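Structure first, then comments.
The values are calculated or read from the model by the stated rules, or taken from the named source; none is laboratory data. All values reported here derive from a predicted model rather than from experimental measurement. Ideal geometry is used to build each Cβ from the backbone, glycine not excepted, and the neighbour counts take in all protein chains shown.
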Amino acid sequence: MSHTPKHILPIIVLAQFFCTSLWFAGNAVMPDLAMKLDLLKADIGYITSSVQLGFIIGTLIYAVFTIADRFNPSNVFFISAILGAAFNTLILLEVSFVNVLIYRFMTGFFLAGIYPVGMKIAADYYEKGLGKALSFLVGALVLGTALPHLIASYDTSFDWKLVILITSGLAITGGLLIKLLVSEGPYRKKGQKPRIREIGEVFRNQDFKAAAFGYFGHMWELYAFWAFIPYILELNSLALYNRQTISLLSFFIIGSGALACFIGGYIAEKYGVKNTAKTFLFLSGLCCIFSPIIFDLESIYFLMFMIIWGMAVIADSPLFSSLVANTATPNLKGTALTLVNSIGFTITVISIQLLSYLLVSFDQKSVLLVLALGPIFGLLNFTRK
């Protein structure tokens with residue numbers, strides 16, 4: 001890390017924060033969209049999943065064509081940020097449910113050139129201390145994800161269109177920061193033309209496979225939990241939160257994960273990346289298991305539990321990504337990160353849609369138990385290695 005200019009990591013972190021604000025912009029303005037389009041509660045799952053599906057298709061295309069390895073990753077990040085902001089803004093032109101789904105899908109598609117490519121840029125600069133660097137990077141993702149909720153909580157008269165415009169403006173700014181201030185990293189190994197066979201071979205490495213499977217278990221829980229936080233807050237029987245309060249609390253619950261990522265990076269340096277990742281995955285699994293009892297708690301204890309869950313659910317993410325990056329073939333590092341992201345986000349669509357269905361069809365206060373399947377799967381496969 002000593003050979004890397006000090007400004008590089010803060011710039012990558014800030015750019016990632018700005019650009020990933022695109023991710024949950026649709027969820028943050030969901031109450032306004034619901035009123036305008038007469039949407040059902042279940043539609044939150046479809047709108048969230050459209051972003052995830054876009055990201056999945058995007059990461060598959062970026063991976064198959066090894067875009068992050070063949071081309072300057074800073075340029076890839078910049079172009080993706082501009083296009084992501086453009087599609088995020090198009091939602092304002094003609095608001096309909098179909099258009100919202102299409103434009104959120106395309107926003108997700110170009111996020112594939114932001115989140116994993118940002119990790120690739122960091123990996124090109126930080127051969128040692130990558131876990132700590134990625135902890136700051138994922139922390140930025142968490143704050144970027146939470147930011148639209150904070151904007152939406154500002155005032156009941158705050159026009160939802162401004163939330164969209166602000167997040168698009170931030171994404172453009174983030175893209176420019178990377179383009180102008182971050183060049184190719186010293187540890188970058190340029191990939192060659194697409195070789196589909198090599199992409200499939202990344203999973204033959206048992207260390208890589210174990211890290212990836214741990215990450216997949218973590219992803220089953222993460223985005224389903226994030227997507228339904230406002231709905232979970234509404235289920236607390238001893239608190240009647242208004243819309244502004246729900247948005248503000250959603251920001252703090254998701255945003256608390258950023259602090260957990262930062263702390264996790266330092267803990268991992270002392271106790272090891274693998275042990276720290278397993279510990280956080282275990283803790284978030286416990287939160288899933290105890291979730292049925294939280295809805296009848298006093299508001300303060302309910303919120304304390306939700307913040308602990310918000311921290312545990314994401315703290316292992318940069319650690320798994322670090323393990324994936326460090327165990328991947330060097331000239332396919334960007335592709336490996338992108339491919340693992342693609343599979344991981346495919347899993348999120350399944351868990352989001354399943355949870356959306358269960359919340360309508362079964363006892364709402366017990367359905368979060370299904371999220372425990374992810375941490376259990378991840379721990380079984382990650383600890384087997």
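Taking first residues from the stretch 216-236 that are part of a loop (DSSP other than H, G, I, E, B) and partners that are of a type outside the set (D, E), the Cβ contacts under 6 Å between residues at least 6 apart in sequence or on separate chains come to N236/F295; N236/F302. Among the residues making up the stretch 318-370, those that are outside any helix (DSSP H, G or I) and either modelled with pLDDT under 85 or within 15 Å of the chain's Cα centre (by Cα) (or both) are A328, T329, F362, D363, Q364, K365.
Inspect all residues belonging to the stretch 103-120 and state whether any of them is farther than 19 Å from C19 by Cα and not aromatic (F, W, Y). No - not one qualifying residue is present in the stretch 103-120. The listed residues are F305, F295, and the only one of them that is free of Cβ contacts under 8 Å to residues at least 24 places away in the same chain, in a helix (DSSP H, G or I) and under 21 Å from L249 (Cα atoms) turns out to be F305. In the set (1) assigned to a helix (DSSP H, G or I); (2) modelled with pLDDT under 90; (3) of a type in the set (A, V, I, L, M); (4) closer than 22 Å to T48 by Cα, the condition left unmet by L93 is number (1). Answer yes or no as to whether Y301 is aromatic (F, W, Y), surrounded by fewer than 23 Cβ atoms within 10 Å (Cβ to Cβ) and under 30 Å from S342 (Cβ atoms). The answer is no for Y301.
Looking at the stretch 263-273, is at least one residue in a helix (DSSP H, G or I), of a type outside the set (G, A, S) and touching a Leu at 6+ places or on another chain (Cβ under 6 Å)? Within the stretch 263-273 (the criterion being in a helix (DSSP H, G or I), of a type outside the set (G, A, S) and touching a Leu at 6+ places or on another chain (Cβ under 6 Å)), the answer is yes, since at least one residue qualifies. Once the stretch 329-377 is narrowed to residues that are small (G, A, S) and touching a Phe, Trp or Tyr at 6+ places or on another chain (Cβ under 6 Å), the residue that is farthest from L233 (Cα to Cα) is G344. Within the stretch 49-58, the set of residues being at pLDDT 85 or above and more than 20 Å from I151 (Cβ to Cβ) comprises S50, L53, G54, F55, I56, I57, G58. Among the residues of the stretch 7-48, write down those that are modelled with pLDDT under 80, under 14 Å from the mean Cα position of the chain (by Cα) and not hydrophobic (A, V, I, L, M, F, W, C). Listed by number, the residues that qualify are N27, T48. Each residue in the stretch 157-209 was checked for being at pLDDT 75 or above, among the hydroxyl-bearing types (S, T, Y) and either in a loop (DSSP other than H, G, I, E, B) or exposed (fewer than 15 other Cβ atoms within 10 Å of the Cβ) (or both), and 1 of them qualify. Per the conditions (1) surrounded by 24 or more Cβ atoms within 10 Å (Cβ to Cβ); (2) more than 21 Å from S321 (Cβ to Cβ); (3) within 16 Å of the chain's Cα centre (by Cα), the sole criterion not satisfied by P116 is (2).
Is it true that S74 is farther than 15 Å from T107 by Cα, hydroxyl-bearing (S, T, Y) and either part of a helix (DSSP H, G or I) or modelled with pLDDT of 90 or more (or both)? So S74 fits the description; yes. Only one of the numbered conditions (1) buried (at least 23 other Cβ atoms within 10 Å of the Cβ); (2) out of contact with any Phe, Trp or Tyr (no Cβ under 7 Å at 6 or more places or on another chain) is not met by Y154, and that is (1).
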